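Notes follow the structure.
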Amino acid sequence: MLTKRTFVVLLIGILALMGVMAAAAQEEVGIVHYYSSTLGQETMAQLFGTFAEANPGYVVVDNSAGHEDFKTQILVTIAGNNPPDIFSYWAGARTQFVVDADRLLPLTDFWTENNLDDIIPAGVKSAAIYNGEVYNIPMNVHVVGFFYNPKVLADAGFDTPPATWDEFMTMGQALIDNGVAPIALGSMNRWPAQYWFDYMVSYTAGADYRQQLMAGEAAYTDEEVQVAMEMWKSLVDGGFFVENANAYDWTDAADQVANGTAAMTLMGTWITGYWDGNGLVAGEDYDFFPFPVMNPDLPVITHGSIDGWAVPAGSSNPDGAKALLLHMLSPEAQATWAQGQGALAAVNNVDASIYSPVMKKASDYLGQVAFLSGYDLSTTPPMAEGGLNMFAQFMNDPSGYMDYLTQTEEVAVEVFGK
Amino acid sequence: MAKQRRIWAAIFLALPMFIYVSIVILPLISSFYYSFTDWNGFNADFNLIGFKNYEKMFSDRLFANAIGNTIIWTIAAVLLPTIGGLALALTLHGRGFFSRIYKSLFYLPISLSLVVIGQVWIWIYQPDWGLINITLEGIGRGDLTQAWLARPQYALYAVILAWTWQQTALAMVIFLAGLTSVPPELLEAAEIDGASYWQVTRRVTIPLLAPATVVVIALGVINSLKSFDVLYIMTRGGPFHSSDNLAMFMYNESFQKYNMGYGSAIAIVLFLITLVVIVVYFRLSTNLEHLYD
């Protein structure tokens, strides 16, 4: 005789069993990424949610760490044969380092099978290929340029941003005369200073020379680098930078621009995500202009970074990782991510109307010029350590730059075995 | 009977020994091995390169810098927590209501993780609204304000001060415990003989606190040698290596520059230095065991 109590117990048992079976039928896709800010985590969670709806067979196990911790953590887990199924990674020298250790799964077949050539522009694709194979599937592109406070510029009498270096210098001096520091820089974690070095070298010695320097084929003590450093120094000496750059991080610098203490900051498009999250309005409270051309005879470029996804060679669920990758490349996911993160989509089939007027400018600029990764993604990680220290040293006291260059070249000799 | 006890001892010791060997001894041996290689910590292949990593230390200015900073930190670790902890313990020794409240307040830093302490002190040192600069401006000495953690000449000392804040609390607790074992008859006898408070403290109390002092100094030195967390949070050894100690330098070489072989060699040197300190400590504490006899 089935009593009411037995019935309830049975029902609970059956439901529990169904739950266990459903969980067993779902395969886990372990992901580790560096989008650890509230904004990044929320947007990622949103994408994992839509992935789970479309792929009920998979469940994403989400892990994240801040950029600096991530750099160490991911390599330790991979070297310890305990890798995630998929992880976010910067395209460029960092991916190359893992590829050279044979620790990544080639994704060339995945690229061809899904005709990714049709949706990923050639410039972005070049960042996916290492030693002839695809290893990094791009998620978004960031452009580095000047993000400024239009009200501060207007107060100093400028309605349009500068296009040439002379105009830039004139505007900077006018801002100083108006009692505002032209440039905010938060180099506490060193990397924000690298874009100054990147543009100074690329725009005085040329992008080709810079690539040689990154590859260890030119020397940090070369006259070309000295000229770039001297140019940068003249800005610091001229009072263009907010004091104590090394005491602030990039969000502090963003705050200084937002509250009008400084006029602009040289930063990547991710700053728009930070500002939007703080309630600033694109085009009104902040705007964008590319780094002004210093020598019209040299090619115009943009520095920036490409974030992508890599699948470890030891991934226990590569199929799940690939399913997630496909989802990430869908126009819907790309639009959600680009809007949520303040990034440019890696694919070309996203409707441009999703971009704010500021991101539209950055996107248009990216479409016109060649793309070069920033310093720490262009040269090997041990070399980048040496260079990043030099930039922080420079911001502390630019007068000793010749010594810093000599020390950095010593690192280069060791790293590149010159 | 004795044999049976030994068997039981072996059985009970087996598990702790297994854990100790697998998480302390084996990694130590493997570090020693890697210190003779050029392993980058990531690739599967590497070469044995003999003593090259150890030779490199002698010409590496960053290693010399880290050694110098470690020595500065060790000297600070001997002096600051010892003097501060002793002063606090002597002041707060007793059973009064306020004494108990103050003891708890000064004890508080111990209950905080060094990560939290690092973050709190980052705020204290913040150049625009940090406690130190605000105070300096408040007393009309705005000219003394600094970006404390961003300037190479101050960063190391700024971190040591934050670390000392916690270490002093630990020293105070050890001295307070030491004070309870000072025989009250001795203090009374000294008082009856007409000794002033200062004389009693200097001639009776402090000498009798020798065992506690040895513990405080040894713990301070050992903690300073292995201090990493507070440095990692506050400066990561920066700006540009100015606050690197050996532990931080080892981490940067191993995990930022991917010189795991060199990093292992630095770890071995750090281990040997710590070993010397520990041996000296055990010698001293054994000698002091008979102080109260």
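The values are calculated or read from the model by the stated rules, or taken from the named source; none is laboratory data. Remember, predicted model here, so these are calculated numbers, not experimental data. Cβ sites come from the backbone with ideal geometry, for glycine too, and all protein chains shown count toward neighbours. Keep in mind that these areas ignore ligands, DNA and RNA; they rest on the heavy atoms of the full protein, side chains included. Shrake-Rupley method; radii C 1.70, N 1.55, O 1.52, S 1.80 Å.
The condition of being within 18 Å of A:G145 (Cα to Cα), buried (at least 22 other Cβ atoms within 10 Å of the Cβ) and either free of Cβ contacts under 8 Å to residues at least 60 places away in the same chain or assigned by TED's automatic domain parsing to the domain that holds A:K151 (or both) holds for only one of A:A184, A:A207, that being A:A184. Inspect segment A:134-145 for any residue being open to solvent by 10 Å² or more (accessible area, probe 1.4 Å), farther than 25 Å from A:F288 by Cα and not assigned by TED's automatic domain parsing to the domain that holds A:M264 and give the result as yes or no. Yes, segment A:134-145 has at least one match.
Checked against (1) within 14 Å of chain A (Cβ to nearest Cβ); (2) touching a Phe, Trp or Tyr at 6+ places or on another chain (Cβ under 9 Å); (3) surrounded by fewer than 11 Cβ atoms within 10 Å (Cβ to Cβ), B:G50 passes all but a single condition, namely (1). Scanning segment B:218-240 for residues that are open to solvent by 20 Å² or more (accessible area, probe 1.4 Å) and outside any helix (DSSP H, G or I), we see that the one that is farthest from the other protein chains (Cβ to nearest Cβ) is B:F228.
Among residues of segment B:252-277 being more than 17 Å from B:V24 (Cα to Cα) and of a type in the set (S, T, N, Q), the one that is farthest from the other protein chains (Cβ to nearest Cβ) is B:S254. The set of residues from segment A:387-400 being surrounded by fewer than 21 Cβ atoms within 10 Å (Cβ to Cβ) and either hydroxyl-bearing (S, T, Y) or in contact with an Asp or Glu (Cβ under 9 Å, 6 or more places away or on another chain) (or both) comprises A:P398, A:S399. Checked against the criterion of being among the aliphatic types (A, V, I, L, M), assigned to a helix (DSSP H, G or I) and out of contact with any Lys or Arg (no Cβ under 9 Å at 6 or more places or on another chain), segment A:398-407 has at least one qualifying residue. Which is within 22 Å of the chain's Cα centre (by Cα), in a strand (DSSP E or B) and surrounded by fewer than 21 Cβ atoms within 10 Å (Cβ to Cβ), of A:D62, A:D69? When all the criteria are applied, what remains is A:D62. Mind checking which residues of segment B:135-169 are open to solvent by 50 Å² or more (accessible area, probe 1.4 Å) and either of a type in the set (A, V, I, L, M) or assigned to a helix (DSSP H, G or I) (or both)? The answer is B:T135, B:E137, B:G138, B:I139, B:D143, B:L144, B:Y157, B:L161, B:W165. Looking at B:I83, B:I25, B:I19, which one is without any contact (Cβ under 8 Å) to a residue 60 or more places away in the chain, open to solvent by 90 Å² or more (accessible area, probe 1.4 Å) and β-branched (V, I, T)? Matching residue, one of B:I83, B:I25, B:I19: B:I83.
Restricting attention to segment A:75-111 and to residues that are in a helix (DSSP H, G or I), more than 18 Å from B:N40 (Cα to Cα) and not hydrophobic (A, V, I, L, M, F, W, C), the residue that is most open to solvent (accessible area, probe 1.4 Å) turns out to be A:D109.
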